[in-house]
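Notes follow once the structure below has been shown.
The values are calculated or read from the model by the stated rules, or taken from the named source; none is laboratory data. Quantities reported herein were computed from a predicted structural model and do not represent experimental measurements. Note that we place each Cβ from the backbone using ideal geometry, even for glycine, and neighbour counts take in every protein chain shown. Only protein heavy atoms, including side chains, enter the accessible area calculation; ligands, DNA and RNA are left aside. Shrake-Rupley method; radii C 1.70, N 1.55, O 1.52, S 1.80 Å.
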Amino acid sequence: QVQVVESGGGLVQPGGSLRLSCAASGSISVIYNMGWFRQAPGNQRELVAVITRGGVTKYADSGKGRFTISRDSVKNTVYLQMNSLKLEDTAVYYCNAQFGVSDWPSQYWGQGTQVTVSS
């Protein structure tokens, strides 16, 4: 059994910051990619950032220069530091973790954490 749980969302003013956390737990062998996706009402889920087991990162253009993804492989936890937040960053943010031969993104999603940017 594998569980993926996000936390850290909330309400923030434009220009503010939030730090999201995602912890994977359960019967875990090896986690390869871990990443953050987001979905706003009426929109498709989109990639925000990904980090590999070796620490290689990739960002969508929307967050480049403002967001930073990092991970603690021992704790099986991935973080997303979001700075200079904009109104368009408002969405439910989901964590995904890739195990073994699973596809990317895998079937292991967190429940989502709401990020609302509003003045």
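List of remarks:
- For the pair Ser17 and Lys64, label points projected 7 Å from Cα toward Cβ lie 2.2 nm apart.
- Mean separation of Cα contacts under 8 Å (6+ apart) over length of the chain, as relative contact order %: 37 percent
- Per residue, in Å², the accessible surface of the chain once ligands and nucleic acids are set aside, probe 1.4 Å: 52 Å²
- Panel note: the C-alpha atoms of the chain, placed on their principal axes, show extents of 43, 26, 22 Å (largest first).
- DSSP loop trypsin sites (Lys or Arg not before Pro) with at most 14 other Cβ within 10 Å excluded, longest remaining stretch of the chain: 1-52
- Atom-type composition of the exposed protein surface of the chain places 47 percent of the accessible area on carbon and sulfur (1.4 angstrom probe).
- Comparing mean-square fluctuations of Gly65, Gly26, Gly42 from a GNM of the chain with C-alpha springs under 10 Å, the top value falls on Gly42.
- Other residues within the sphere of radius under 12 Å centred on the Cβ of Arg66, judged by their own Cβ, net out at -1 (K and R +1, D and E -1).
- Gain on full stretching of the segment that runs from Arg53 to Asp103 - 0.36 nm per residue minus C-alpha separation: 16.5 nm
- Cα coordinate range in segment 47-111, projected on the principal axes (Å, largest first): 36, 22, 20
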